[in-house]
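One structure is given here, and the rest of the page talks about it.
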Amino acid sequence: MPIPAAGYPLAAAHSPRVQVVETTDSTNADVIAAVTADPEGWPHLSLLVTGDQRAGRGRLDRSWTAPAGTALAVSVVVDAAMVPIAQRGWIPLVAGAAMTRAVRAQLTGHGGSAELKWPNDVLVDGGKICGILAEVVPGAADTVVVGAGVNTRMSRADLPVTTATSFAAIGAECDDDRLLADYLEDLGKMLSRLAHDDVERVHSEIEKLCVTVGKEVTVAMPDGSTLQGAATRLDRDGRLVVEAGTIETVVSAGDVVHVR
């Protein structure tokens with residue numbers, strides 16, 4: 001997908017800097033390097049976007065690739081200094097919630113259903129359409145770069161796994177500029193709530209969006225163990241609470257599979 005002639009004017013209305021590149025290995029890596037070199041040049045909600053990312057990374061250090069022009073990769077700078085340290089664990093979830101609502105808005109009239117899978121994958125009718133990776137800038141703990149990869153024009157044959165989906169695969173059109181604008185607007189609002197310590201509202205909104213809550217799940221834990229049980233709620237820090245019999249386990253990181 002070539003760079004749109006009109007650029008991204010809707011997104012630019014919500015961002016102090018929108019930088020578009022034809023291709024890159026990783027938007028997150030590029031933005032982290034750019035912020036490190038010139039922090040003043042990349043203020044809060046600045047973004048880098050491309051339709052051709054060659055070596056993207058997901059959570060748990062997974063690789064993320066897509067044929068050129070079939071996915072939108074975007075990385076956004078978040079000024080975490082505005083968020084109390086105790087609430088910063090919500091930042092990745094806030095990004096997932098904002099993108100879930102942005103995707104949902106694109107599906108108006110189509111019939112597809114966008115939902116949030118803990119912690120920040122976006123699903124449409126059960127298939128993953130977007131993954132998100134939040135990274136703290138090395139040496140700048142108050143700056144977080146949030147990367148998102150959205151499957152836009154990827155054919156069903158090009159989907160990397162059977163559990164993935166795209167706008168094209170479900171027969172829906174995606175207005176990239178509107179998607180980015182909605183994402184940035186919602187992200188900015190939710191971060192502002194965290195900044196003003198309105199974590200209860202953020203907690204409530206995200207828990208309602210999170211389809212994982214109420215599901216039977218299997219969680220591959222970072223130490224190699226597996227946890228099975230019912231995902232009952234999110235705790236006050238955004239961690240997933242899984243109940244197995246009479247034992248509750250709080251999960252801060254792990255690969256979640258919805259069993260039913």
Practice problem: Identify all residues within segment 1-17 that are at pLDDT 95 or above and of a type in the set (A, V, I, L, M, F, W, C); write none if there are none. | Solution: Leu10, Ala11, Ala12, Ala13
Self-check item: Considering residues of segment 120-148 that are more than 24 Å from Val213 (Cβ to Cβ), within 18 Å of the chain's Cα centre (by Cα) and in contact (Cβ under 8 Å) with a residue 60 or more places away in the chain only, the residue surrounded by the most Cβ atoms within 10 Å (Cβ to Cβ)
Solution: Gly147
Exercise. Take segment 128-159 and flag every residue that is in a loop (DSSP other than H, G, I, E, B) and among the small types (Gly, Ala, Ser).
Key: Gly139, Ser155
Practice problem: Report yes if some residue within segment 129-152 is farther than 30 Å from Gly41 by Cα and either among the aliphatic types (A, V, I, L, M) or not assigned by TED's automatic domain parsing to the domain that holds Ser192 (or both); otherwise report no. | Solution: yes
Quiz prompt | Filtered residues of segment 202-224 (kept if more than 19 Å from the chain's Cα centre (by Cα) and not hydrophobic (A, V, I, L, M, F, W, C)) | solution = Gly214, Lys215, Glu216, Thr218, Pro222, Asp223, Gly224
Quiz prompt | Checking Ala114 against (1) hydrophobic (A, V, I, L, M, F, W, C); (2) touching an Asp or Glu at 6+ places or on another chain (Cβ under 7 Å); (3) surrounded by fewer than 23 Cβ atoms within 10 Å (Cβ to Cβ), the condition it does not meet | solution = (2)
Practice problem: Could you pull out the residue among Val49, Val35, Val31, Val20 that is modelled with pLDDT of 95 or more, β-branched (Val, Ile, Thr), crowded, with 16+ Cβ neighbours inside 10 Å and closer than 26 Å to Ala168 by Cα? | Solution: Val49
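The values are calculated or read from the model by the stated rules, or taken from the named source; none is laboratory data. On a predicted model such as this, the values are computed, not experimentally measured, just so you know. In this analysis, Cβ positions are derived from the backbone assuming ideal geometry, glycine residues included, and neighbour counts consider all displayed protein chains.
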